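Chemist: For reference, the structure I am asking about is given below.
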Amino acid sequence: MADQRLNYVNGEWTESRTGETFETTDPASPEEVIATYPQSDAEDAEQAIEAARDASDDWGSTPGPERGRILAKTGSILDERKDELTELLVREEGKTRSEAGGEVQRAIDIFHYYGSKASDIGGTVKSSSARDTNLYTKTEPLGVAGLITPWNYPIAIPAWKIAPALAAGNAVVIKPASLAPGVVHEMADALEEAGLPAGVLNVVTGPGSEVGGTIASHEAVDAISFTGSTAVGNTVYDAATEDGKRVQLEMGGKNPTVVSDSANVEEAADIVANGAFGVTGQACTAASRAIVHEDVYDEFVDAVVDRADAIDHGHGLDDPGMGPHVSESELESTLEYVDIAQEEGATLECGGSALDREGYFVEPAVFSDVDSEMRIAQEEVFGPVLAIIPVSSYDEAIHVANDVDYGLSASVVTDDHTEANRFVEEVDAGVVKINEKTTGLELHVPFGGMKASSSETYREQGDAGLDFYSITKTVYDN
Ligand code: NAD
């Protein structure tokens, strides 16, 4: 029997006023319904926003150490439930058990991290040039934060928004993605058990345009943090900035790994294959382009094909090399890009077909002879598809790396320190890695992109994550 889940508004688990529901299913076994959720409407979202508004003053004046204690306790409760959270994540989203377990652990770590930070929020005393003036900064919460999140990291991304928003003293309304909302419900449950007062966190599920759209445009919401596609992010930005809200956007990527002629080719193939095929290529930071010097090109293509061919598929709970796509439409979209790439003249070296079995499985695909102008080299595929572009110089490699609309993560594999330094200086990306895959982030340093990947003004994670949810007053007290 599928779980029947509810919205969480003002500390109560409640049905939508529409009375309608939608289902989540297992992407590895689509006949299996995992849970039903309220198909909420704009009025449900408004009630959640009002609850957050009513709770925000009291939470904002709750001492930082007390807020921190609740967040840290939430981390401990999530830790106790790690196995069941991991299984729920696998069943709704399709990741392998190892990938999902790593993601749940990240959420746990984030709550402990911001739990420990909450005591230090408040401001700093400065020395004034006037003898009798006390000069200090005072940090205050913004009020109500609206969070809109995607399905591909359904617990880590909500955690890296909810925890700093609450640590900084804001009340929150979150609309999780409809394909995998269950782990956000579990997080709300853990926060409630840890002692979070009613109304401080509210969770509403339903259609993006209606529930997300209401949160993005509502006058009682002070800040919007959105992660998702660039197309939706731009719509959210327009709605949110109409009344001057603070906005944080984390969107798509077309992340390159440059492979220099000085690289160890086997090492480069490991780095690129892990970055391209991990989490079924469904990461905003996935390596979707390898830009490879012609002297090592053929050897590199063969080495990556070997790694792609070695990947086994299966239900995520059995911890195979690769789980399914999250949905039929994501699978269809990947297959369509495989067709487009071949029509444009790229060579399919391996993979690219749906598996002849139940579930939304696809073989990882490797394309050679890719030109930077092709759609496969320009557009986000969001599947396990790698485009390998040959170049004849390091200058050309950097030019190609930057020759896309996006600028999220970029890596270089090189044995030459001068090349590595040039890459850091010249590549258009918010995350730059040397001899590492494009995926994988640490939680205590800023994360964000450039160009169409992000709004460049605000970063997430680390101290930057807290800055987004806070405003600073400078006080001169004579
Ligand atoms: P999406 O843009 O379709 O949806 C994201 C969220 O926005 C969902 O909760 C959705 O319901 C909601 N939404 C949809 N229409 C809306 C509207 N009109 N107004 C307000 N909200 C609306 O993205 P997705 O398919 O869930 O996730 C995949 C995308 O997310 C990829 O493009 C990926 O690159 C991106 N992503 C980016 C990062 C990052 O940090 N840069 C991280 C993960 C995923």
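Chemist: Within segment 19-41, can you find the residues that are touching a residue at least 60 places away in the same chain (Cβ under 8 Å), surrounded by fewer than 17 Cβ atoms within 10 Å (Cβ to Cβ) and within 18 Å of residue 212 (Cα to Cα)?
Modeler: Of everything in segment 19-41, just one residue is touching a residue at least 60 places away in the same chain (Cβ under 8 Å), surrounded by fewer than 17 Cβ atoms within 10 Å (Cβ to Cβ) and within 18 Å of residue 212 (Cα to Cα), namely 22.
Chemist: For segment 187-197, does any single residue satisfy the condition of being within 11 Å of the ligand (Cβ to nearest atom) and buried (at least 24 other Cβ atoms within 10 Å of the Cβ)?
Modeler: The answer is no, given that none of the residues of segment 187-197 is within 11 Å of the ligand (Cβ to nearest atom) and buried (at least 24 other Cβ atoms within 10 Å of the Cβ).
Chemist: Take segment 55-80 and flag every residue that is surrounded by fewer than 16 Cβ atoms within 10 Å (Cβ to Cβ) and among the charged types (D, E, K, R).
Modeler: Once the filter is applied, which keeps residues that are surrounded by fewer than 16 Cβ atoms within 10 Å (Cβ to Cβ) and among the charged types (D, E, K, R), segment 55-80 yields 57, 58, 66, 80.
Chemist: When the residues of segment 288-310 are filtered to those that are touching a strand residue (DSSP E or B) at 6+ places or on another chain (Cβ under 9 Å) and not in a helix (DSSP H, G or I), which remaining residue is nearest to the ligand (Cβ to nearest atom)?
Modeler: The extreme case among them is 288.
Chemist: In segment 247-273, which residues are away from the ligand (no atom under 16 Å from the Cβ) and either of a type in the set (A, V, I, L, M, F, W, C) or out of contact with any helix residue (DSSP H, G or I) (no Cβ under 9 Å at 6 or more places or on another chain) (or both)?
Modeler: Hits for segment 247-273 are 258, 259, 263, 264, 265, 267, 268, 269, 271, 272, 273.
Chemist: Residues that are surrounded by fewer than 19 Cβ atoms within 10 Å (Cβ to Cβ), among the hydroxyl-bearing types (Ser, Thr, Tyr) and touching a Ser or Thr at 6+ places or on another chain (Cβ under 8 Å): does segment 243-259 have at least one?
Modeler: No, every residue in segment 243-259 fails to be surrounded by fewer than 19 Cβ atoms within 10 Å (Cβ to Cβ), among the hydroxyl-bearing types (Ser, Thr, Tyr) and touching a Ser or Thr at 6+ places or on another chain (Cβ under 8 Å).
Chemist: Looking at segment 371-391, I want the residues that are free of Cβ contacts under 8 Å to residues at least 24 places away in the same chain and under 18 Å from residue 269 (Cα atoms) and have a partner that is acidic (Asp, Glu) and surrounded by fewer than 22 Cβ atoms within 10 Å (Cβ to Cβ) with Cβ atoms under 9 Å, at least 6 apart or on another chain. Which pairs are those?
Modeler: Going by the 9 Å Cβ cut-off, there are no qualifying pairs.
Chemist: If you don't mind, another one. Scan segment 412-446 residue by residue and report those that are away from the ligand (no atom under 16 Å from the Cβ), under 25 Å from the mean Cα position of the chain (by Cα) and not charged (D, E, K, R).
Modeler: 412, 413, 423, 424, 427, 434, 435, 444
Chemist: Taking interchain pairs and intrachain pairs at least six residues apart, which have beta carbon atoms under 9 angstrom, with the first residue in segment 150-175 and without any contact (Cβ under 8 Å) to a residue 60 or more places away in the chain and farther than 23 Å from residue 280 by Cβ and the second in a helix (DSSP H, G or I) and near the ligand (Cβ under 9 Å from one of its atoms)?
Modeler: 174/215
Chemist: Write out, first by first residue and then by second, each pair whose Cβ atoms fall under 6 Å of each other, whose residues are 6+ apart or on separate chains, and whose first residue, in segment 282-299, is touching a residue at least 60 places away in the same chain (Cβ under 8 Å) while the second is among the aromatic types (Phe, Trp, Tyr) and not in a strand (DSSP E or B).
Modeler: 282/382; 292/300
Chemist: Tell me which residues, restricted to segment 49-78, are in contact with a strand residue (DSSP E or B) (Cβ under 8 Å, 6 or more places away or on another chain) and among the basic types (Lys, Arg).
Modeler: Result: 53, single match.
Chemist: Ok, one more. Anything in segment 338-375 that is within 17 Å of residue 278 (Cα to Cα) and among the charged types (D, E, K, R)? List them, or say none.
Modeler: 363
Chemist: Of everything in segment 92-116, what is buried (at least 22 other Cβ atoms within 10 Å of the Cβ) and over 19 Å from the mean Cα position of the chain (by Cα)? Give them in sequence order.
Modeler: Across segment 92-116, the qualifying residue is only 115.
Chemist: Which residue, of 285, 334, is more than 19 Å from residue 24 (Cβ to Cβ), within 12 Å of the ligand (Cβ to nearest atom) and among the polar types (S, T, N, Q)?
Modeler: 285
Chemist: Could you tell me whether segment 96-112 includes any residue that is within 21 Å of residue 330 (Cβ to Cβ) and aromatic (Phe, Trp, Tyr)?
Modeler: No, segment 96-112 has no match at all.
Chemist: Right, here's the next one. Just to be sure I understand, how many residues within segment 148-178 are more than 14 Å from the chain's Cα centre (by Cα), at negative phi and more than 7 Å from the ligand (Cβ to nearest atom)?
Modeler: Residues flagged as more than 14 Å from the chain's Cα centre (by Cα), at negative phi and more than 7 Å from the ligand (Cβ to nearest atom) within segment 148-178 amount to 11.
Chemist: Where in segment 187-278 are the helices (runs of 4 or more DSSP H), entirely inside, with at least 2 residues that are under 30 Å from residue 309 (Cβ atoms)?
Modeler: Here the list reads 265-277.
Chemist: Being surrounded by fewer than 19 Cβ atoms within 10 Å (Cβ to Cβ) and modelled with pLDDT of 95 or more: is that true of residue 330 here?
Modeler: When the stated conditions are applied, residue 330 does not pass them.
The values are calculated or read from the model by the stated rules, or taken from the named source; none is laboratory data. Owing to the predicted nature of the structure, the values given are computational and were not obtained by experimental measurement. When we count neighbours, we look across all protein chains shown, and the Cβ atoms used for this are built from the backbone with ideal geometry, even at glycine.
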